[in-house]
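The values are calculated or read from the model by the stated rules, or taken from the named source; none is laboratory data. As the structure is a computational prediction, the values presented were derived from the model and not from experiment. Virtual Cβ from ideal backbone geometry, glycine too; neighbours counted across all protein chains shown. Side chains are part of the model used for accessible areas, which takes the heavy atoms of the whole protein and leaves out ligands, DNA and RNA. Shrake-Rupley method; radii C 1.70, N 1.55, O 1.52, S 1.80 Å.
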Amino acid sequence: MFDTLTAKLDGTFKKLRSRGKLHPKQVDNALDDMRTALLEADVALEVADAFLGRVRTRALSEEVMKSLTPAQQVIKVVRDELQATLGGEHVRFVVPSARRAVVMMAGVQGSGKTTACAKLAFRLKKDGRRPVLVAADLERPAAVEQLFTLGREIGVPVVSEGRDPVKVAKAALKEADRKGYDVVIVDTAGRLHVDEEMMRQARRIRDVVKPDHVLMACDAMTGQDAVIQARAFLAEVETTGFILTKLDGDARGGAALSITAVTGKPVFFAGVGEKPADLEEFHPDRMAGRILGMGDVLSLIDKATDTLDADEAKASAEKMLQGAFTLEDFLGQLRQMRQLGPIQDLLKMLPGMPGGKSAFKDLADQVDENKLRQAEALILSMTPDERRNPGIISGSRRLRIARGAGSTTSDVNTLLKDFEGARKMMRTMMGGGKGFPGMFTMPPKAARGPKR
Amino acid sequence: MEIFVAILFVCLAVGIVFVRLSSVRKEAERLRDEPEVEISAPTIEAPAPEPRERLGTRVRTLLSRGGTEAWEALHDLLLKADVGPSAAARLVERVRARWSREADAESLLREEMVEILGPDSRLSLPDEGLGVILVVGVNGSGKTTTIGKLARRLAGEGRTVSIAGADTFRAAAGEQLEVWAVRAGAHIVSQERGADPGSVVFDAVKSAVARGSDVLIVDTAGRLHTKTPLMDELQKIGRVARKAGASVTETLLVLDATTGQNGIAQAKAFTEAVNVSGIVLTKLDGTAKGGVVLAVREELGVPVRLVGTGEGPDDIQPFRAEIFANRILAS
Ligand SMILES: Nc1nc2c(ncn2[C@@H]2O[C@H](COP(=O)(O)OP(=O)(O)OP(=O)(O)O)[C@@H](O)[C@H]2O)c(=O)[nH]1
Ligand SMILES: [Mg+2]
């Protein structure tokens, strides 16, 4: 998508840049490309069209048209609208603490409800609450056992008394009150929205447990059906928000946009793995970047084109892909990157890792400018030979290098070890030049159909 | 180590951006060379494009007339069925190329879809010896349920069926499969949770051969196709089966019909890893159409073998391209 969408937009906008103004027709062409991109990301058709309608109105506003950089403005509008539709800011999941609270989990089959229940319980427990899990999925074989097993693993009690889900739920509330559990999490059977009887049953469970939250688990890989499901569950059980599951794969996750757009309810959490701890707060801004498949790469492009030499940058990236770079290359890179801005900021501009994880943000937080300076000083105090071939750095050389940089030999040792570690890590990650998964790998580049 | 990794990432990203930029530039140049549109001062009240209508039942009427609007409607209909923008565009183009005023566009579209998806195929099981069916897919797609239904169906055809519980990862996966084995009257081989799936398969093959079973169906843990170690594990399962004296005759990828374009990535990754021979499209009892299998068939050539239409033991059918196409057209 980055390939086609950004290439198209950039192509269209280059033309505009030279003229400094934007023609509505060109905006429409850009929006057509955007439409394809959104659909490839599984945004529901109606949601994509409504969304593009809003973008169009804003893109054609005087403010954007008259700005010196209308192209960037349009891209900014797209991102802003996307983030706004996704709920704007992260919405915190709050369960009342003054009394016993109830959370009900609902969703279609296989969407990840049971796992999500366990993850939520795990999280609440860590927050100092006393959760209890209720196994009210009596449909799927061994669903009850599954929840009991998960409960045991995370040290949260599980109850399931009775042969009717409504009764199980009712009994669980009594049990919770008796034993002083303060959050009751009710797992329910997966049901298709077209199954009227099952939907009525969900309604009955809802009526009995009077939940503070009804969460719908939605698989991040869901396609156009997401809107139909989300609407049906909202109507029947009054969903209060979503958990977007299986986001650790490579799905673009357009469903997130679809469900928030048609229900107006937020996504509270994203499931990013199979373990109880793999539940993250959902951040609309990151998701916006993911759906567009570009992170803040666009701004990075602008910065890079303005400051760096393209051929050099390409060459060193290639070296890196082969794991063949040296401390000398590193030094060169460090200096070049510095021209672009603080390393932390650059890292934050990179698109998310697969799973929308904030790996780069975490990484950015760990990068300490002082350490960076120290490393630079140490490398500078090496001879070019030593930088190219760290193997020759003997004990006496270490001492010299340390002195030259005003630090100790143990710093030199750490530096060399870290560098080797990083190099190894990159090599395994690149898997022999296949590229870093998720960062720049694009959805299959099928032949684009004829323009309509 | 973080600092090195950080710099390396940024540098890599910038490099890749530059590599991509050359293609961006080419595109830009191409566009620049295109004849210019007359540019007037932008106005806020620029005419809005025709609103894209929600069609559905209107499609038929439109199609009888042809014209841009009809093709757009057709395209949107396919998009709503999760066919995806590229495959949808290709399909519309195919129909358009054959269309004339006398032709019925609906039948043309049906024919084209059937052409892509057909001919209807069957599970291939050896006439003699043990046939092994390996069942794979992402989490929650319906593998275990499909296995239960399939085992029952095959048993109903007079075959003796064994099942291997190689999902030793998910909580209560073994118990779930056990219930299905009982429903199907199949023999099940499993081990405790956390056991090596390869060793389960090894035992299962041995025991199936010893019992003279006709078919062994292997349930595997759900896994996202992006997780390399887990995909490697699947390959290992195939190797182990061979070592134990049987080879995998069918590798079925279970695909949830509610899946969107990610289905293509799934099919690609699983095919690369374990050479998927057929797809089982589940949850067709809902509103989802599963149109992504059209793109999968076009791009990878993998046929759909079976469809799942509910949670009951008999809710499984051989895939019929025509019925599938009609479902898409019926929206
Ligand atoms: N409505 C409907 N539900 C289905 C169908 N196939 C499976 N399911 C349901 O989907 C859910 C997940 O099915 P499973 O068979 O457990 O899926 P799985 O792929 O084995 O899941 P994991 O092993 O956890 O990855 C269950 O609730 C099934 O009852 C189908 O064709 N229609
Ligand atoms: Mg299973």
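A convex hull fitted around the alpha carbon atoms of the range A:101-284 yields 102 Å³ per residue.
The B and A chains share an interface that buries close to 8700 Å² of accessible area, total over both sides, probe 1.4 Å.
The modelled label-to-label distance between residue B:195 and residue A:28, using points 7 Å beyond Cα along the C-beta direction, is 6.6 nm. The mean count of C-beta atoms from other chains within 10 Å of the C-beta of residues in A:32-40, rounded to a whole number, is 3. Report the calculated FRET efficiency for residue A:62 and residue B:68 (r = Cβ-Cβ distance, R0 = 22 Å), to the nearest 0.05. Given R0 = 22 Å and the Cβ-Cβ separation, E is 0.10.
Applying 0.36 nm per residue to the separation of residue A:311 and residue A:203 and subtracting their alpha-carbon distance, the gain on full extension is 32.7 nm.
Of the peptides B:254-261, A:87-94, the ranking by mean beta-carbon count within 10 Å, highest at the top, reads B:254-261, A:87-94. Over 22 Å between Cα atoms: which of A:246/B:243; A:119/A:246; A:424/B:227; A:314/B:227; B:206/B:236 fall into that group? From the list (A:246/B:243; A:119/A:246; A:424/B:227; A:314/B:227; B:206/B:236), the Cα-Cα distance tops 22 Å for A:246/B:243; A:314/B:227.
Among A:257-267, B:202-212, the peptide with the highest mean count of other Cβ atoms within 10 Å heads the list, and the full ranking is A:257-267, B:202-212. The three principal axes of the Cα atoms in the range B:95-175 give end-to-end lengths of 59, 34, 17 Å, sorted in falling order. Sorting the segments B:181-188, A:396-403 by their residues' average number of neighbouring beta-carbon atoms within 10 angstrom, most packed first, yields B:181-188, A:396-403.
From a point 7 Å beyond the Cα of residue B:179 in the direction of its Cβ, which residues of the range B:140-169 have a backbone N at a distance under 20 Å? Answer for this model: B:140-153, B:163-169. Of the beta bridges in the range A:101-284, as assigned by DSSP with both residues counted there, near 10 percent are antiparallel.
Per-residue shielding of B:323-329, expressed as the average number of other chain Cβ atoms within 10 Å of the residue Cβ, stands at 0.
Decide, for the range A:176-279, between rounded, prolate and oblate: order the square roots of the alpha carbon gyration tensor eigenvalues as a ≥ b ≥ c, take rounded if a/c falls under 1.5, and otherwise choose prolate if a/b is larger than b/c, else oblate. Judged from the Cα gyration tensor, the range A:176-279 comes out oblate (a/c at least 1.5, b/c at or above a/b).
For the peptide B:83-94, the mean number of other protein chain Cβ atoms found within 10 angstrom of a residue's Cβ is 5.
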